[in-house]
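The values are calculated or read from the model by the stated rules, or taken from the named source; none is laboratory data. Just so it is clear, the structure is predicted and the values come from calculations on it, not from any experiment. Methodologically, a virtual Cβ is constructed for each residue, glycine included, from the backbone with ideal geometry; neighbour enumeration extends over all protein chains shown.
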């Protein structure tokens with residue numbers, strides 16, 4: 001190695017020294033120009049088989065094609081996504097370990113987890129890939145025919161209507177809490193470990209209303225009352241949005257790519273560009289449509305600003321909620 005360096009011109013050696021000083025975690029083989037030149041590990045902080053897992057695999061397949069390197073999805077579920085993010089926080093900041101995930105572990109978990117296994121400052125957002133939108137749904141024989149019905153019944157008998165959500169501090173839980181606060185109603189929140197556990201209870205009549213992700217509704221015999229978004233969802237064009245109805249609109253699940261803090265900016269910029277290419281590709285758009293999802297790209301600065309705003313909203317909202325930290 002020394003003999004190779006000795007043969008280089010002084011200007012080249014100075015440039016190498018400058019790069020090494022600015023980016024101590026960046027080897028010659030991991031320079032921005034060469035990146036990526038080997039396999040990338042994509043941590044998915046949830047179990048295999050879910051909607052986010054399917055989107056991660058569709059994204060990684062197209063990213064592999066574009067970069068001619070393997071993007072390998074590795075599931076590391078647990079503790080509402082914090083296990084996977086903790087692994088990322090302690091990974092080498094060289095761009096070869098990435099998380100593909102909802103941002104809930106950053107924007108929601110700090111309000112419901114008593115001891116976070118990592119600090120949010122250890123994570124750097126790269127890009128938003130898609131928004132996971134949720135909806136109010138009931139059984140076909142439910143007497144609740146609309147959101148207006150739900151609100152009227154909740155006002156008549158506060159706390160009498162039960163609704164199922166994906167777990168304490170989850171996007172649907174905090175979204176409905178925000179709606180309750182804005183409308184002055186009280187519902188009986190029942191937490192589950194994801195839609196897979198909640199939907200059988202909804203179909204079986206054990207809860208009055210469910211708030212699943214739209215991607216979880218395919219093939220389910222349910223009446224969807226409204227989409228928790230400003231606009232209607234392409235997968236449910238006949239279902240009104242909360243914005244259509246003049247009700248409060250809440251932030252959906254924000255899903256994207258993340259790297260460890262300290263990853264060199266040139267690498268983050270390259271990842272950001274790859275992300276945009278994938279999100280705008282026909283292959284990924286088609287795969288997303290089959291999964292009832294809609295790609296929604298944001299660059300690193302835009303995504304980070306949105307996460308900070310969502311964290312601030314949740315901080316304000318949870319002050320008035322009786323959320324027990326686990």
Quick one: how many residues across segment 176-206 are in contact (Cβ under 8 Å) with a residue 40 or more places away in the chain, surrounded by fewer than 17 Cβ atoms within 10 Å (Cβ to Cβ) and assigned to a helix (DSSP H, G or I)? 5
Go through segment 46-59 and give me each residue that's in contact with a helix residue (DSSP H, G or I) (Cβ under 8 Å, 6 or more places away or on another chain) and either at pLDDT below 90 or on the phi > 0 side of the Ramachandran plot (or both). 46, 47, 50, 51
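Rundown of residues vs (1) touching a residue at least 60 places away in the same chain (Cβ under 8 Å); (2) on the phi > 0 side of the Ramachandran plot; (3) not in a helix (DSSP H, G or I), yes/no style:
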| position | (1), (2), (3) |
| --- | --- |
| 262 | yes, yes, yes |
| 273 | no, no, no |
| 283 | yes, no, no |
| 297 | yes, no, yes |
| 305 | no, no, no |
| 311 | yes, no, no |
Is there a residue being in a loop (DSSP other than H, G, I, E, B), assigned by TED's automatic domain parsing to the domain that holds residue 278 and at pLDDT 95 or above anywhere in segment 71-88? no
If you take the residues of segment 60-74 that are crowded, with 16+ Cβ neighbours inside 10 Å and touching a strand residue (DSSP E or B) at 6+ places or on another chain (Cβ under 6 Å), which of them is farthest from residue 271 (Cα to Cα)? 73
Filter result (assigned to a loop (DSSP other than H, G, I, E, B), more than 30 Å from residue 96 (Cβ to Cβ), under 22 Å from the mean Cα position of the chain (by Cα) and touching a residue at least 60 places away in the same chain (Cβ under 8 Å)) within segment 229-260: 229, 234, 248, 250, 251
Quick check on residue 166: is it crowded, with 19+ Cβ neighbours inside 10 Å and over 24 Å from residue 51 (Cβ atoms)? no
The condition from (1) within 22 Å of residue 55 (Cα to Cα); (2) in contact (Cβ under 8 Å) with a residue 40 or more places away in the chain that residue 266 misses is numbered (1)
In this structure, is residue 205 at positive phi and at pLDDT below 95? no
